[in-house]
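First the structure, in the form of structure tokens, and then the observations on it.
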Amino acid sequence: MSEIKILIVEDNATISKNLKRYLELKNFIAEIADSAEIADKILDNKIFNLILLDIGLPWKNGKEFLEYLKKKWNNTPIIFLTSRDSDEDMIEGLELWADDYIPKPFDYEIVIARINSVLRRYKKEVSATKIWKYLINFDKEEVSDWNKKIYLSSLEFKLLDFLVKNRWKVIDRATIYEEVWGNFDDFQLSRNTDIYVWYLRKKLWKDIIKTKKWSGYYVE
């Protein structure tokens, strides 16, 4: 099973540190940002499977930050953490496309259960998607064009999978290499990434993967 990375956006240091420690005990990888501004900078450079987001934040509050992320086409699942437990707050948060809502104080096992539930639901929702004329089935690791199956190697599919699930986000070569190949090698990093992008462009429509000069690759 691949590592699950979670970003905790919470300005209460005690809550964030305890939550991070508990998540790591449960074999998640967790990182903390104590403001939306810091979280935004982290998300520009790293990929997370889920965000735990406090509503009462400095700079932008959680609701404003959620709206901001959606406008940036960031589709990472988000669970609100908040001391506001009124029905109005919960409804407003969910209508802003939060995936779940946990009032404080919370039981850590409840947080883990909600995280797993959202991740299962998210995986099911993205089991297949259509990009341009291609149907991508993530469960079967298949790509088809008008019902004609296109053969991709496991690494080619893994690269396409990663870029599609982070659609519109420019991903640098180092991040792609770490996520797809699972290790780091200065010599192979750029070479392997560029070669496999070329493979995909050759097998699929060449413009399906865009290049942003000096920055990386993305799927539009």
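The values are calculated or read from the model by the stated rules, or taken from the named source; none is laboratory data. As the structure is a computational prediction, the values presented were derived from the model and not from experiment. Counting neighbours? That spans all protein chains shown, and the Cβs are built from the backbone with ideal geometry, glycine included.
Every residue, every condition in (1) crowded, with 20+ Cβ neighbours inside 10 Å; (2) closer than 23 Å to Y22 by Cβ, yes or no:
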position: D44; (1), (2): no, no
position: L50; (1), (2): yes, yes
position: G56; (1), (2): no, yes
position: E64; (1), (2): no, no
position: K71; (1), (2): no, no
position: I79; (1), (2): yes, yes
Taking the stretch 166-195 as the search range and keeping residues that are at pLDDT below 85 and more than 22 Å from the chain's Cα centre (by Cα), which one is surrounded by the most Cβ atoms within 10 Å (Cβ to Cβ)?
-> N192
Selected residue (only one of P58, P105 is at pLDDT below 80 and in a loop (DSSP other than H, G, I, E, B)) = P58
Considering only residues that are surrounded by 15 or more Cβ atoms within 10 Å (Cβ to Cβ) and either polar (S, T, N, Q) or modelled with pLDDT of 85 or more (or both), look in the stretch 108-127 and name the one that is farthest from K158 (Cα to Cα).
-> V111
